[in-house]
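To start, the structure under review is shown below, and the notes come after it.
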Amino acid sequence: MQRPILISVGTRPEIIKMAPVHSELRRRGLPVAWVHTGQHREMAQPLYEFFGIAPEHEVTLERRNGQLSHLNALLLEGLSTVFEQVQPRAVLVHGDTTSTLASAQAAFYQGVPIGHVEAGLRTFNHREPFPEEMNRELTARLAHWHFAPTAKAAINLRNEGVRPPGIHTVGNTAVDAALAGTVRVESLLADGHAVLPPELDGLREGLAHRQWRLVTVTAHRRENWGEGIENIARAVADLLDAHPDLAVVWPVHGNPAVSDAVQAALGEKARRLEGRLTLCAPLEYPALLWCLHHSVLALTDSGGIQEEGAALSCPVLVLRNTTERPELIDAGAGVIVGTDRQRIVQTVSHLLRDATALQRMRDAVNPFGNGTTAQQIADVLQHDLGI
Ligand code: UDP
């Protein structure tokens with residue numbers, strides 16, 4: 001094989017968002033390889049199967065503690081060994097994780113040009129999200145190509161002194177993945193494949209035959225652990241009481257700080273409501289896409305779901321006090337509601353009662369692109385690398 005473009009990622013959102021780039025490079029017959037950095041190993045396999053990716057390389061992380069410095073050191077050493085062996089012509093990293101920064105550092109030490117996908121997102125607060133905000137900034141210092149999802153992200157980079165020829169405003173690959181993934185999921189379901197877990201059977205039945213309206217809820221961020229999650233759960237209970245046609249699916253994050261609070265507030269209700277409230281384990285990506293596609297609204301503190309919601313015409317209420325995706329709010333496709341119980345209940349109730357307001361949000365133009373981001377990234381790489 002010729003020296004490949006090497007995609008270096010390890011967490012769930014990175015795999016989802018780099019899969020379209022991998023697929024486009026492969027479609028063009030360009031040399032491309034994948035290294036899995038081992039961060040979210042258990043979640044990774046089903047994703048790789050869904051996207052048809054077989055990573056050629058993997059870093060095995062033997063973690064002795066949960067410290068970021070230890071993780072970073074292991075990644076840096078493991079990735080450097082892989083890069084030595086592969087001799088990539090370019091390394092592509094995504095977003096803001098410890099894998100992102102370590103991959104960029106390892107590539108930099110070997111003089112390999114770095115492409116940063118989803119570049120330029122900022123909260124301007126190094127403590128929130130931590131350490132992601134700093135990972136974003138440091139990766140920008142190291143990268144050669146900066147693939148910004150929006151004009152705002154491009155401006156953030158320029159304001160930090162990144163030179164404009166290196167900045168390419170291309171949209172977000174989350175949109176490519178969500179649009180293509182949803183078509184695939186619906187066609188797999190039509191062919192009778194078991195894409196959804198059995199826990200969603202009651203919900204599917206209710207949506208098909210009882211005119212239920214679905215809201216998808218997710219919450220995992222550390223800043224929401226404790227009081228935030230409790231408030232969100234109580235708001236969900238209030239909403240289910242107030243709207244008899246409302247159904248809620250909440251894939252509950254595995255951390256006990258989240259799951260204990262959700263079960264305490266909603267476990268009994270979920271048993272009573274039989275399908276109208278589904279509390280389940282984190283869903284595999286295809287099932288999560290199905291939920292968003294069939295939801296009238298999403299309540300979430302996730303970054304990726306803000307982009308997927310916008311792609312799938314599912315308005316997003318952001319369960320945070322800030323978002324590094326302000327374009328969602330500016331476009332009218334989302335609202336920041338924080339974790340205040342009253343505010344969540346009032347905002348959701350208003351949208352469930354006012355069909356025009358809800359439709360206006362559903363019709364908002366997606367600020368994160370139209371599903372051609374991977375093509376645009378491949379165009380730039382092909383041109384600049386002369387391949
Ligand atoms: N996701 C998933 N199953 C779930 C919840 C989320 O597949 O139960 C996907 C979601 O569709 C999105 C990604 O995981 O693509 C977002 O990951 P996460 O919320 O962990 O991270 P963030 O986007 O906030 O960085």
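The values are calculated or read from the model by the stated rules, or taken from the named source; none is laboratory data. Quantities reported herein were computed from a predicted structural model and do not represent experimental measurements. Using ideal geometry, Cβ is built from the backbone for each residue, glycine included, and neighbour counts are taken over all protein chains shown. In case anyone asks, the SASA skips ligands and DNA or RNA and just uses the protein heavy atoms, side chains included. Shrake-Rupley method; radii C 1.70, N 1.55, O 1.52, S 1.80 Å.
Here are some notes:
- Rounded to the nearest 500, the helix-only mean residue ellipticity at 222 nm of the chain stands at -16000 deg cm²/dmol, with each DSSP H run of n ≥ 4 adding -39,500 (n - 2.57).
- Long-range HN-HN contacts of L92 with modeled amide H, under 5 Å: L6, I7, S8, G115
- Considering only H40, P13, H57, the residue lying farthest towards the positive end of the dipole of segment 1-158 is P13, judged by Cα position with unit charges set on Cβ.
- Karplus 3J(HN,Hα) series, Hz, for segment 126-137 with 6.51 cos²θ - 1.76 cosθ + 1.60 (x for Gly, Pro): 5, 9, 8, x, 10, x, 4, 4, 5, 4, 4, 5
- Label point distance in nm, R127-Q359, each placed 7 Å from Cα along Cα→Cβ: 4.6 nm
- Phi-derived couplings, Karplus 6.51 cos²θ - 1.76 cosθ + 1.60 at θ = phi - 60°, listed residue by residue for segment 179-196: 5, 5, x, 5, 4, 5, 4, 5, 6, 5, 5, 4, 8, x, 6, 7, 7, 9 Hz, with x used for Gly and Pro.
- Sorted peptide list for 102-109, 88-95, 226-233, criterion being average Cβ within 10 angstrom, highest first: 88-95, 102-109, 226-233
- Within segment 235-347: Cβ-based charge dipole about Cα centre, in debye rounded to nearest 20 (Lys, Arg +1; Asp, Glu -1): 280 debye
- Qualifying chymotrypsin sites (Phe, Trp or Tyr not before Pro) for segment 118-164 [loop in DSSP, other Cβ within 10 Å: at most 11]: F124
- Sites H70 and Q382 - FRET efficiency at Förster radius 30 Å, r taken between beta-carbons, to 0.05: 0.20
- What you get for the chain, charging only the Cβ of Lys and Arg (+1) and of Asp and Glu (-1), is a dipole of about 380 debye around the Cα centre.
- Taking the Cα centre of segment 310-363 as reference, the dipole from Cβ charges on Lys and Arg (+1) and Asp and Glu (-1) amounts to some 200 debye.
- Cα centroid separation, segment 226-252 to segment 13-88 (Å): 36 Å
- Difference of contour (0.36 nm per residue) and Cα-Cα distance, S187 to N321: 44.5 nm
- Dipole orientation for segment 99-195: of the candidates M134, G181, T100, M134 has the Cα lying most toward the positive pole (charges on Cβ; Lys, Arg +1; Asp, Glu -1).
- Protein-only accessible surface at a 1.4 angstrom probe places the residues E284, E118 in the order E284, E118, largest first.
- Trypsin sites (Lys or Arg not before Pro) restricted to DSSP loop in segment 118-204 with at most 12 other C-beta within 10 Å: R127
- On Cα atoms only, tilt of 341-353 relative to the major axis of the chain in degrees: 80 degrees
- Under-5 Å amide H pairs with L246, H placed in peptide plane, nonlocal only: R213
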